[in-house]
1. Of the listed peptides 100-113, 63-76, what is their order by residue-averaged count of other C-beta atoms within 10 Å, with the highest listed first?
2. Where the accessible area of the stretch 1-95 is counted over protein heavy atoms with a 1.4 Å probe, how much of it, in %, is carbon and sulfur?
3. State the three equivalent ellipsoid semi-axes of the stretch 1-89, derived from the C-alpha gyration tensor as the square roots of 5 times its eigenvalues, in descending order and whole Å.
4. Residue by residue through the stretch 14-20, which ³J(HN,Hα) values in whole Hz follow from phi under the Karplus form 6.51 cos²θ - 1.76 cosθ + 1.60 (θ = phi - 60°), with glycine and proline marked x?
5. For the stretch 21-63, what D do you get in µm² per second when you plug the Kirkwood radius from alpha-carbon pairs into Stokes-Einstein at 20 °C and 1.002 mPa s?
6. So what are the ³J(HN,Hα) numbers for the stretch 57-66, from phi and the Karplus equation (6.51, -1.76, 1.60; θ = phi - 60°), rounded to whole Hz, Gly and Pro as x?
7. Report, in debye and to the nearest 20, how large the dipole of the stretch 1-93 comes out about its Cα centre when Lys and Arg carry +1 and Asp and Glu carry -1 on their Cβ.
8. Could you derive backbone 3J(HN,Hα) for the stretch 2-9 from the dihedral phi with the Karplus parameters 6.51, -1.76 and 1.60 (θ = phi - 60°), listing whole Hz in sequence and x where the residue is Gly or Pro?
Amino acid sequence: MIDRLAAAILLSDRSLSSLAEAARLGRNYVSQMLANETTPKNDALIAICNVLQVDAHWVMTGIPRNSKLDGLLEICANLDFASKKSVFRALSRGSDQPIGRIRQLSKEYNLSLTSLQEWIEHTDNPNLTDTSTLAFEELSSLAAGQEIDMALMREALEEAYEIENQVLGQLGPVQKRAKLVREIYNLKRHDAENRT
């Protein structure tokens, strides 16, 4: 969880102190949290995520997938936390990063240069929008006070993405995806209940 939060924070265009102030936390709260590798309490986490416009549920669980950040987290999966923070900070400039610096990061941290370059190109694409926050807000309304089976929800969301890509060749509107996920989820839940 702290890795996802650190990526969102360090890849944003905000300083740590301005982020803390915007989230109405102590001026040094975010920098201390990252330095100590501690996870914030729920209220602070939600405040930070709201300022960053990142889905708090994604930060806590990794679902739904964050199209902008998960790729980099996968590239850096084998690094320790301090190394990840260094890579995230270095990549915060996106395509403005000199290629020599990208090569240096690749060599220093034993990361695939091609993967780093592809991630930068992917995140700098102006047509790419991260819909995980919107999708989760829409999907969380499906619960209507009921407990959600997160494994089934993940399966339903992945199937919806797959269907959209097969039918449309791209992701469709969030609201329509949420309806599709609701239907898939309800079918899977019904099937699971009938098997027991």
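1. Highest mean packing first, the order is 63-76, 100-113.
2. 43
3. Those come to 19, 15, 11 Å.
4. Couplings: 10, 6, 4, 6, 5, 5, 4 Hz.
5. Calculated translational D: 201 µm²/s.
6. 5, 4, 4, 6, 10, x, 10, x, 4, 9
7. So the dipole magnitude of the stretch 1-93 works out to roughly 200 debye.
8. Along the stretch 2-9, the couplings run 5, 5, 5, 5, 4, 4, 4, 5 Hz.
The values are calculated or read from the model by the stated rules, or taken from the named source; none is laboratory data. This is a predicted model, so every value here is computed, not measured. When we count neighbours, we look across all protein chains shown, and the Cβ atoms used for this are built from the backbone with ideal geometry, even at glycine. Heads up: the accessible areas ignore ligands, DNA and RNA and are worked out on the full protein's heavy atoms, side chains in. Shrake-Rupley method; radii C 1.70, N 1.55, O 1.52, S 1.80 Å.
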